[in-house]
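See structure below.
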Amino acid sequence: MRHEILRPSEFTPDLARIWNDLLDQNDDFSSPFFAHEFTMAVGRHRNDLRIAVLRSEAGITGFLPFHLKLGGCAAPVGGQICDYQGVIGGVEDPGPRGGRLMRDCGLSSYDFNHGLAAQSILEDNAFSFSNSLRADLRDGFDQWQNEVRAQTKQMTKLNRMVRKIEREQGELRFVRDDNSEQAWAAFVGWKDMALRQQGAPGFPGPDWIADLLGDIRVVNTARFAGLFSTLYSGDRMIAAHFGMRSDRAWHWWFPSYDPEMQQYAPGLLLLLFCVEEAARIELKEFDFGRGTQRYKTQFGTRARRLCEGSLERSGTAFGTARVLRKSAQRLANKALPEQAAAFVRRAGTKVFRAGLI
């Protein structure tokens, strides 16, 4: 059965309702990256986006949004800025290495690097695993704070920092969704400078990403919204963050802060305000994203397992190349030190441009 492949402009409200119903059936789809609105926003700025409507004899079973690349290769929706990836819903009999799914979607391969390991089709085809840590807010902000205090002294330090900065610089004021263009320009400048100092490309990067962030910034529905949150000390903005929320989760995406105020840990203070606000508006989790940064391990009280790998169709050049890459990476993971295996993984991503658009 060949699945239906649609452009975003061809996606109907009835299909959107089915998509939302599938999200509601699984807590692993809490992230705003899985929201139908995120895919549609990306589609407004990328003409290579497609959505596979996965069907069985019983009807629609799921959706797979992807960017179509050279040779029938595919990347997850949003490519390098997407922190959660997977099939919306499920796949019936995807075949070895996902080959049947690839064939029925007319693809040779699909690369993922933030895949939901809870989905067996991704876990079985992965060569690397990681965690996305999050604050579990199902029992409220106070309960989360108690769990954090049990594992670190950072919460006590931050509360002292609040008193210190208010005494020395001015009262703190948090804005959940700041519509100030002046604040946005300052945020972009801070983020761009910080990334360039690390030797990374500047922010926000290619025009399509800049346009996408601007688009998401003004979306505000019950199920999805962009949130540009800021923290002021007196009249001075000291930290800012642009992220997204679904109806269940807020995702920490692009944070930055005034480098002249670094001694007050403004980024962490803003993070604390955002988590408290997420609990206040009755979201179930605040997701810090993949990584082992210290603040994530200190403030994360739950983890969602992610994976990196590929699905491929045998008999295609691009598919065969990815089978070989997975075998080589799995061997490197076993035989080499962790840093060396990570270098092999990064080199493979660069060669294949895996998951990048």
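The values are calculated or read from the model by the stated rules, or taken from the named source; none is laboratory data. From a predicted model like this one, the values you see are computed outputs, not experimental measurements. Note that each Cβ is placed from the backbone with ideal geometry, even for glycine, and that neighbours are counted across all protein chains shown. Note: accessible area is taken over every heavy atom of the protein model, side chains too, but ligands, DNA and RNA are not part of it. Shrake-Rupley method; radii C 1.70, N 1.55, O 1.52, S 1.80 Å.
Among the residues making up region 134-163, a single one is open to solvent by 30 Å² or more (accessible area, probe 1.4 Å) and touching a strand residue (DSSP E or B) at 6+ places or on another chain (Cβ under 6 Å): ARG134. Restricting ARG304, ARG325 to residues that are in a helix (DSSP H, G or I), open to solvent by less than 60 Å² (accessible area, probe 1.4 Å) and touching a Phe, Trp or Tyr at 6+ places or on another chain (Cβ under 9 Å) narrows the list to ARG325. None of THR292, THR297 is surrounded by fewer than 20 Cβ atoms within 10 Å (Cβ to Cβ), part of a helix (DSSP H, G or I), touching a strand residue (DSSP E or B) at 6+ places or on another chain (Cβ under 9 Å) and β-branched (Val, Ile, Thr) except THR297. Of all residues in region 280-303, those satisfying the criterion of being basic (Lys, Arg) and under 17 Å from the mean Cα position of the chain (by Cα) are LYS284, ARG290, LYS296, ARG302.
Looking at the structure I just gave you, is ILE5 of a type in the set (A, V, I, L, M, F, W, C), out of contact with any Phe, Trp or Tyr (no Cβ under 6 Å at 6 or more places or on another chain), touching a residue at least 60 places away in the same chain (Cβ under 8 Å) and open to solvent by 50 Å² or more (accessible area, probe 1.4 Å)? So ILE5 passes the test.
Annotation for region 93-110: at least one member residue is aliphatic (A, V, I, L, M) and either assigned to a helix (DSSP H, G or I) or on the phi > 0 side of the Ramachandran plot (or both). Within region 150-165, being within 15 Å of LEU268 (Cα to Cα) and assigned to a helix (DSSP H, G or I) holds for GLN154, MET155, THR156, LYS157, LEU158, ASN159, ARG160, MET161, VAL162, ARG163, LYS164, ILE165.
Does ALA118 satisfy the condition of being in contact (Cβ under 8 Å) with a residue 12 or more places away in the chain, among the small types (Gly, Ala, Ser) and open to solvent by 40 Å² or more (accessible area, probe 1.4 Å)? When the stated conditions are applied, ALA118 passes them.
Summed over region 111-142, residues that are touching a helix residue (DSSP H, G or I) at 6+ places or on another chain (Cβ under 9 Å), within 24 Å of ARG248 (Cα to Cα) and part of a helix (DSSP H, G or I) total 3.
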